[in-house]
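In what follows, a single structure is set out as C-alpha cells and then discussed.
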Amino acid sequence: MTKSGAGTHRSTLRLTWRAVEIGLFDREPPSRAGATVYRALREDVAVQFVAIGPGAAYEVVHEDGEPDGAGGVVLVEPYEVPPADDEPFLAAWREAHAGLAAQRGYLGARLCRGVGPAEPRWVEIARWSSPLMVARAGAAGALYLPASG
C-alpha cells in the first residue's frame, strides 16, 4: 500500500444521524447501505478497515468542524474506558481535543460513545488535511482513506 496522494482523495460521507454503527475489521467488510468503509494507510495497524454508517450502537457525544468533509485523511482512535470512568475520560478527551483542534490541518472530529454492549465503548473519528499535519500536531491513531470511491 502506498501513501502517495493521501492528501488529495475526496470523500463525500455526510452524517445526518445522531447515532451510528462503527465496525472495526481486520478484513474488508461486506458493503452495507449507507455505510462508508475506510482502509488503513499502513499495513501494520491492528484495525485495517473501519465501517461507519447509520445505526444505534453509538451515540454522537461531540462533533465540530467538518468531520465528513471532502479530502484529507481520517484518524480513528478507539478507547476502552470502563463505564465508571466516562466522566473523567470525557474531561481529559475534551482538554486534549482542544489542543489538537487548534492545530493547522485539523478539519473536524466526532466522538462517539457505545450504547449498550458496544466495544470499544468510545471511538474518535477526526479528519485532517494530510498525514503530515497529523504528525506535526502530535495526534495519535491510525489513519484511513475511503476503501473505494
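So what J values fall out for the range 82-88 if you push phi through Karplus, 6.51 cos²θ - 1.76 cosθ + 1.60 with θ = phi - 60°, rounded to Hz, Gly and Pro as x?
My calculation for the range 82-88 gives x, x, 5, 9, 4, 5, x Hz in order.
Quick one: if you stick a label point 7 Å off each Cα along the C-beta vector at Ala56 and Ala33, how many nm between them?
For Ala56 paired with Ala33, the spin-label model returns 1.7 nm.
What is the chain's relative contact order, in percent, from Cα pairs under 8 angstrom and six or more apart in sequence?
The normalised contact order for the chain reaches 31 percent.
From the square roots a ≥ b ≥ c of the eigenvalues of the alpha-carbon gyration tensor of the range 65-149, which class results: rounded (a/c under 1.5), prolate (a/b over b/c), or oblate?
Since a/c reaches 1.5 but b/c is at least a/b, the shape of the range 65-149 is classed as oblate.
In the chain, if the dipole is taken from +1 on Lys/Arg beta carbons and -1 on Asp/Glu beta carbons about the Cα centre, which of Leu41, Ile125, Gly23 is farthest to the positive end?
So the residue we want is Leu41.
At most 11 other Cβ atoms within 10 Å and a DSSP loop assignment: could you name the GluC sites (Glu not before Pro) in the range 63-112 that fit?
Glu80
Could you work out the helix-only [θ] at 222 nm for the chain, with each DSSP H run of four or more residues adding -39,500 (n - 2.57) and the total divided by the number of residues, to the nearest 500 deg cm²/dmol? Walk me through the numbers on the way to the answer.
Values: 2 runs with 23 residues, N = 149.
Helices in the chain give a 222 nm mean residue ellipticity of -4500 deg cm²/dmol.
Suppose every Lys and Arg Cβ carries +1 and every Asp and Glu Cβ carries -1, with no other charges. What dipole size does the chain come out with about its Cα centre, to the nearest 20 debye?
Its charge dipole is roughly 620 debye.
Just report the Cα centroid separation between the range 15-46 and the range 51-77, whole Å.
10 Å
Would you work out the charge dipole size for the range 23-84 about its Cα centre, treating the Cβ of every Lys and Arg as +1 and the Cβ of every Asp and Glu as -1, and quote it to the nearest 20 debye?
Rounded to the nearest 20 debye, it is 300 debye.
The numbers here are math on the coordinates, done by the rules we state, and not lab data. Because the structure is predicted, anything quoted here is derived from the model rather than measured. For neighbour counting, all protein chains shown are included, and Cβ atoms are generated from backbone atoms with ideal geometry for every residue, glycine included.
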